[in-house]
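One structure is given here, and the rest of the page talks about it.
The values are calculated or read from the model by the stated rules, or taken from the named source; none is laboratory data. No experiment lies behind these values; they were computed from the predicted model shown. Reconstructed Cβ throughout: ideal geometry from the backbone, glycine too, with neighbour counts over all protein chains shown. Accessible surface areas use protein heavy atoms only, side chains included; no ligands, DNA or RNA. Shrake-Rupley method; radii C 1.70, N 1.55, O 1.52, S 1.80 Å.
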Amino acid sequence: MSRNQLSPSQQSELLAILKKRFEKNPNRHLGLEWNKIQEKLEANPSKLWSLNEMERTEGEPDVVGYDKETDEYIFYDCSTETPKGRRSLCYDKEALDARKEFKPENNVIDMANSMGIELLSENEYRHLQQLGKFDLKTSSWIKTPSEIRKLGGALFADFRYETVFVYHNGAQSYYAVRGFRGSIKV
């Protein structure tokens, strides 16, 4: 079995979890049918592996849309707070290398890449917040425009006072209550 592939029993277990979450949160995916989504998942074992990584790190992935142009279902991390298994990370390798002491174990960009997922953009984060209330006590790093990153900064977002706030911080910073949310298309 390859590194990025689940065993048949792991696949069945994950599909059961995803189906249950899909059925429990119909407002996230109005008009979409689970059977079609499951067919796509079963035909894409590497993406199923990535969804398992999202689940393993407590992201609680769920379907949040369908891209008609690419014929792909869109999954986001839908955990109430930023995923516990992806916190205390600085933004990228450059930021990690710049830290002189108290370096975190990893960085957001490398971890997302190793999981086969994309970091949520600001627009995707705002879309997520239309589907529920997320990050009421935590915050999540989001994709940062290269112009901001070149100057040493990175963006993160949260939901407070019934509003999505997008902030900046030094890319090398990290906090126990800041992680990242990802997306994947299948």
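Summary table
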{"read-out": "Cross-link reach list, lysines versus residue 68, counting only Cα pairs under 28 Å and skipping chain neighbours closer than eight places", "value": "19, 20, 24, 36, 40, 47, 133, 143, 185"}
{"read-out": "Cα shape, region 57-105, gyration tensor, a/c 1.5 rule", "value": "oblate"}
{"read-out": "Dipole of region 73-186, positive direction: furthest Cα of 144, 180, 80, with charges on the beta-carbon", "value": "80"}
{"read-out": "Rounded tilt (10° steps) of 8-24 against the dominant C-alpha axis of the chain", "value": "80"}
{"read-out": "Whichever lysines have a C-alpha closer than 18 Å to that of residue 150, once near sequence neighbours (fewer than 8 apart) are set aside", "value": "93"}
{"read-out": "Residue-by-residue Karplus 3J(HN,Hα) for region 148-155, coefficients 6.51, -1.76, 1.60, Hz, glycine and proline x", "value": "6, 5, 4, 8, x, x, 8, 9"}
{"read-out": "For region 111-186: rounded, prolate or oblate by the Cα gyration tensor [a/c cutoff 1.5]", "value": "oblate"}
{"read-out": "Two-site label geometry, residue 98 and residue 5: point separation in nm, points 7 Å out along Cα→Cβ", "value": "4.1"}
{"read-out": "Cα-based reach from residue 103 at 13 Å (exclusive), listing aspartates and glutamates while leaving out same-chain residues under 8 positions away", "value": "92, 94"}
{"read-out": "Heavy-atom accessible surface of region 35-186: percent carbon and sulfur, 1.4 Å", "value": "49"}
{"read-out": "Rough spin-label spacing in nm, given labels placed 7 Å along Cα→Cβ, for residue 131 and residue 13", "value": "2.4"}
{"read-out": "Shape call, region 1-92: gyration tensor on alpha carbons, a/c limit 1.5", "value": "oblate"}
{"read-out": "Label-zone membership for region 157-186, site residue 67, 7 angstrom Cα→C-beta point, backbone N under 12 Å", "value": "183-186"}
{"read-out": "Cα centre as origin, Lys/Arg/Asp/Glu Cβ charges: region 1-88 dipole, Debye", "value": "240"}
